[in-house]
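Report on the following structure.
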Amino acid sequence: VKKHNPEKGQVLVKKNASNADIAKVTKKKVDKEKGDEKPQSKEITPEKRQELTQQDIELVETQLFLYEGDEQEKGGLGTPESRTGECVTTYAGRKIKQLMADGKTYEEAREIIRKELIEHTNTKKDGKKPLLTKEWVESGLRCLDWIDDNIGIDKIEDFAWDTPEGNELVGSTGHGTSADMFVKTNDGETIGISLKKDFKVFVFNGGMDKNVKKLAEEM
């Protein structure tokens, strides 16, 4: 993605970026440490699909527009801010796909949604700031750029957050991966994506004494 320059402290998502962390979720068994389960892949009716889509949309939009101190029970792990930021890609993907269907180019639609989300980051409610930050807006959209470059927005049937409803929608229940969201393509493939704001991520968890040894072994 060459057209969107990163702001200070952020990293541009490139086609080979490790922070995209793409995890194919098919009928293959997941890691045995996760319970050796298989992702759900059974067909759902059009009515059920519409119901699950609406439920996932409501969960995403509720989380995306929360303010400091607000919370909802469903959603992925992490801080309220990171969970909110993760919703940017799912929300923007759906909105941009709709705008493209109405004749907008990807770039035009992306800018419309970017302005909408940035405007929300400047609002306040009862003196409280929104959980969504400008950094997450830009990073979430760069992750969507990666999806468009490598999969194609026009080839995606469904976007879903990592919730029970979203997983059922795209057939990723029991996926056992670190994915924060999923896309289901028109040809029936489900792809899990782990979203990151930047490259400041934990490679090893634990104290310094253990991790220095692990790092030495990896090097």
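E33 passes every criterion in (1) modelled with pLDDT under 90; (2) over 20 Å from the mean Cα position of the chain (by Cα); (3) outside any helix (DSSP H, G or I) apart from (3). Summed over region 122-177, the residues that are at positive phi and among the hydrophobic types (A, V, I, L, M, F, W, C) give a count of 0. Cβ-Cβ contacts under 8 Å between residues 6 or more apart (or on different chains), taken from a first residue in region 168-181 that is free of Cβ contacts under 8 Å to residues at least 40 places away in the same chain and under 17 Å from L59 (Cα atoms) to a second residue that is outside any helix (DSSP H, G or I) and open to solvent by 30 Å² or more (accessible area, probe 1.4 Å), are listed as V170/K184.
Checked against (1) surrounded by 15 or more Cβ atoms within 10 Å (Cβ to Cβ); (2) in a helix (DSSP H, G or I), D154 passes all but a single condition, namely (1). Of the residues making up region 157-183, those that are farther than 13 Å from G93 by Cβ and open to solvent by 10 Å² or more (accessible area, probe 1.4 Å) are D162, P164, E165, N167, E168, G171, T173, G174, H175, G176, T177, S178. The residue that is nearest to F65 (Cα to Cα), counting only those in region 139-151 that are among the charged types (D, E, K, R) and open to solvent by 20 Å² or more (accessible area, probe 1.4 Å), is D148. When the criteria are applied in full, R83 meets the requirement of being open to solvent by 30 Å² or more (accessible area, probe 1.4 Å), among the charged types (D, E, K, R) and assigned to a helix (DSSP H, G or I). Could you check, for region 87-99, whether at least one of its residues is open to solvent by 20 Å² or more (accessible area, probe 1.4 Å) and farther than 25 Å from P164 by Cβ? Taking every residue of region 87-99 in turn, at least one turns out to be open to solvent by 20 Å² or more (accessible area, probe 1.4 Å) and farther than 25 Å from P164 by Cβ.
The values are calculated or read from the model by the stated rules, or taken from the named source; none is laboratory data. Only a predicted model underlies this, so the values are computations on that prediction, with no experimental measurement involved. When we count neighbours, we look across all protein chains shown, and the Cβ atoms used for this are built from the backbone with ideal geometry, even at glycine. For accessibility, only protein heavy atoms count, side chains too; no ligands or nucleic acids. Shrake-Rupley method; radii C 1.70, N 1.55, O 1.52, S 1.80 Å.
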